[in-house]
1. Test of understanding: what is the full-extension gain from Glu36 to Phe99, defined as 0.36 nm times their sequence separation minus their Cα-Cα distance?
2. Let's test the formula: R0 of 25 Å, r as the Cβ-Cβ distance of Asn2 and Asp58. What FRET efficiency results, to the nearest 0.05?
3. Can you run the Rg to Rh ratio on the chain? Use alpha carbon positions and the Kirkwood inverse-distance Rh.
4. Compute the whole-percent fraction of alpha carbon pairs in the stretch 157-212 spaced more than 14 Å apart.
5. Are any of the pairs Lys61/Lys122; Lys86/Lys111; Lys55/Lys122; Lys38/Lys86 more than 25 Å apart by Cα-Cα distance, and if so, which?
6. What ranking of Asp223, Asp39 comes out by heavy-atom accessible area, probe 1.4 Å, highest first?
7. With contacts defined as alpha carbon pairs under 8 Å and 6 or more residues apart, what's the relative contact order of the chain in percent?
8. By accessible area of protein heavy atoms, probe 1.4 Å, what ranking do Thr72, Thr24 get, highest first?
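The values are calculated or read from the model by the stated rules, or taken from the named source; none is laboratory data. Treat the numbers as computed from the prediction; the structure is a model and nothing was measured. Glycine also receives a Cβ, built like all others from the backbone with ideal geometry; neighbour counts cover every protein chain displayed. Side chains included, ligands, DNA and RNA excluded: accessible areas come from the protein's heavy atoms. Shrake-Rupley method; radii C 1.70, N 1.55, O 1.52, S 1.80 Å.
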Amino acid sequence: MNDNIKFKNFFKNGYFKKNSFFDTKFIENLNKEILEAKDVDRYYDINNILRRIEKLYDKGKFLKILNSNLLTYLNEFFDKNFVIFKDKYNAKPVGGEGFEPHYDGIFYFEKKDNSVHKGWYKYSNFFVNVLVALDHCNSSNGTLEIANADFGNFENLIENTKKNGTPVLNKDYASSLDFQTIDLNPGDVLFFSNLCPHKSNKNNSKNNRRTLYYTYAESDNADIYNEYFRDKKDSVSSKGGAL
């Protein structure tokens with residue numbers, strides 16, 4: 001499938017996959033670098049097992065190459081200017097739970113100064129998520145399941161959510177969607193709109209299911225990455241947990 005068809009698919013369905021975007025050796029180097037990265041935020045579960053790492057996109061040679069290659073591709077593919085908005089590494093260890101069907105960025109959050117904001121739309125009006133497979137991702141280890149994007153406005157889309165300060169979809173709406181299981185090999189990349197409902201199941205395999213999950217925003221303001229993390233720290237927990 002060439003990029004012209006992928007472009008049309010994105011604005012029809014909201015997502016497309018590029019196989020072998022990164023080669024196996026690069027992924028091996030990336031996995032090693034991620035675990036050795038300094039000055040990142042690491043999150044562990046109650047059993048002290050690593051679940052997630054944030055603030056890592058520029059913390060190593062291969063991480064910088066990955067971000068640069070993804071930015072170049074997005075800028076050329078969409079003919080827009082993108083900046084990195086948020087980043088995380090998901091380890092999804094054996095037995096790691098999945099997540100409920102949701103959009104990304106469709107929620108209200110409140111800051112400590114009592115100002116209320118429209119989720120991610122405080123920062124931009126166009127977002128592309130990029131999922132980089134670091135392991136084989138399949139139904140047994142809880143790979144991503146995705147439905148076609150809802151290309152609507154914020155006010156309409158939030159009506160499909162539970163409206164509880166998170167972007168989780170209400171059960172009636174979620175049950176009406178057709179979710180597709182996305183199988184990935186190491187080095188494959190899935191590009192998808194934040195408006196694609198998505199979910200995943202528990203990791204029932206015997207191995208971790210590692211991925212990088214970056215979000216890029218159309219913007220000329222490279223500081224929205226830092227602004228996002230400042231807001232995350234400054235948000236009222238009951239409203240801003242979805243950040």
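1. 20.0 nm
2. 0.20
3. Rg/Rh: 0.93.
4. 66 percent
5. Over 25 Å Cα-Cα: Lys61/Lys122.
6. Asp39, Asp223
7. Computed over the chain, the figure is 31 percent.
8. I get Thr24, Thr72, largest accessible area first.
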